[in-house]
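Asker: Here you go, one structure.
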């Protein structure tokens, strides 16, 4: 399975001729003329993950595409884009889309501040190999071969990320959810992610926008 990292939290996964897109939000370049997309996974309702104009572009080239997300995401899209094929996901759900399996974990977004209501969030494990928690520290009940690790956010403290990594002990990790960082911020936060990944016996890699890895 090939993984391409795009800006912020967006990932493109390819297996054979099938593709899955995760969290194409408004910090990500326009995703146009991508064909073979079997499904889009949206972990939660925030615009940096769920953005109708991005979904319109994907839908234009893939009119049969299935869009998976928590109930809040599907309710929003059902109102704004009633032509979309939507699938509500909850913790423990498992789906097959072409060459991909999708397993979902967790219920809620990490707390930004006690004054801000929590929204729904489901992390996703794809093909039993790549885990992306969305905006949460939800741990799946299995080993993680490759972790897409959030590196920066209003809800994120790097010490909590380090604890998450220490508990998860992924075999490999790369940084994502990082559009808000400067070059100095990337270097600092990536060094912490790399440190704890390697302490657990894993390997860290840093992907620039548009770069790929495989698992």
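The values are calculated or read from the model by the stated rules, or taken from the named source; none is laboratory data. Just so it is clear, the structure is predicted and the values come from calculations on it, not from any experiment. We place every Cβ from the backbone using ideal geometry, glycine too, and count neighbours over all the protein chains shown.
Asker: In segment 189-215, how many are surrounded by fewer than 13 Cβ atoms within 10 Å (Cβ to Cβ), assigned to a helix (DSSP H, G or I) and in contact with a strand residue (DSSP E or B) (Cβ under 6 Å, 6 or more places away or on another chain)?
Answerer: The total comes to 0.
Asker: Is it the case, given these coordinates, that residue 96 is within 16 Å of residue 120 (Cβ to Cβ) and either at pLDDT 95 or above or surrounded by fewer than 16 Cβ atoms within 10 Å (Cβ to Cβ) (or both)?
Answerer: Working: within 16 Å of residue 120 (Cβ to Cβ): no; either at pLDDT 95 or above or surrounded by fewer than 16 Cβ atoms within 10 Å (Cβ to Cβ) (or both): yes.
Here the answer is no, as residue 96 does not meet what is asked.
Asker: Related question: Among 177, 186, which is the only one that is surrounded by 14 or more Cβ atoms within 10 Å (Cβ to Cβ), modelled with pLDDT of 95 or more, under 15 Å from the mean Cα position of the chain (by Cα) and within 22 Å of residue 26 (Cβ to Cβ)?
Answerer: Criteria check complete, one pass: 177.
Asker: Does residue 48 meet the test of being touching a residue at least 12 places away in the same chain (Cβ under 8 Å) and crowded, with 19+ Cβ neighbours inside 10 Å?
Answerer: Here the answer is yes, as residue 48 does meet what is asked.
Asker: Can you find even one residue in segment 55-63 that is in contact with a helix residue (DSSP H, G or I) (Cβ under 9 Å, 6 or more places away or on another chain), in a loop (DSSP other than H, G, I, E, B) and at pLDDT 95 or above?
Answerer: The first filter runs over segment 55-63 and keeps only residues in contact with a helix residue (DSSP H, G or I) (Cβ under 9 Å, 6 or more places away or on another chain), leaving 55.
Filter once more, so that each one left must be in a loop (DSSP other than H, G, I, E, B): none.
No.
Quick grid of which residues meet (1) within 21 Å of residue 130 (Cβ to Cβ); (2) in contact with a strand residue (DSSP E or B) (Cβ under 8 Å, 6 or more places away or on another chain):
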position: 8; (1), (2): yes, yes
position: 40; (1), (2): yes, yes
position: 44; (1), (2): yes, yes
position: 48; (1), (2): yes, no
position: 55; (1), (2): no, yes
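Asker: Moving on to the next point. Given the residues 86, 77, 108, 102, which is the only one that is more than 17 Å from residue 22 (Cβ to Cβ), modelled with pLDDT of 95 or more and crowded, with 16+ Cβ neighbours inside 10 Å? Don't jump to the end; show me each part of the working.
Answerer: Numbers: 86 fails: more than 17 Å from residue 22 (Cβ to Cβ); 77 fails: more than 17 Å from residue 22 (Cβ to Cβ); 102 fails: more than 17 Å from residue 22 (Cβ to Cβ).
After applying the criteria, what remains is 108.
Asker: Of the conditions (1) under 20 Å from residue 5 (Cα atoms); (2) crowded, with 16+ Cβ neighbours inside 10 Å, residue 164 fails just one. Which one is it?
Answerer: Failing condition for residue 164: (1).
Asker: All but one of (1) in a loop (DSSP other than H, G, I, E, B); (2) in contact with a helix residue (DSSP H, G or I) (Cβ under 8 Å, 6 or more places away or on another chain) hold for residue 77; state the number of the condition that does not hold.
Answerer: Result: residue 77 passes all but (1).
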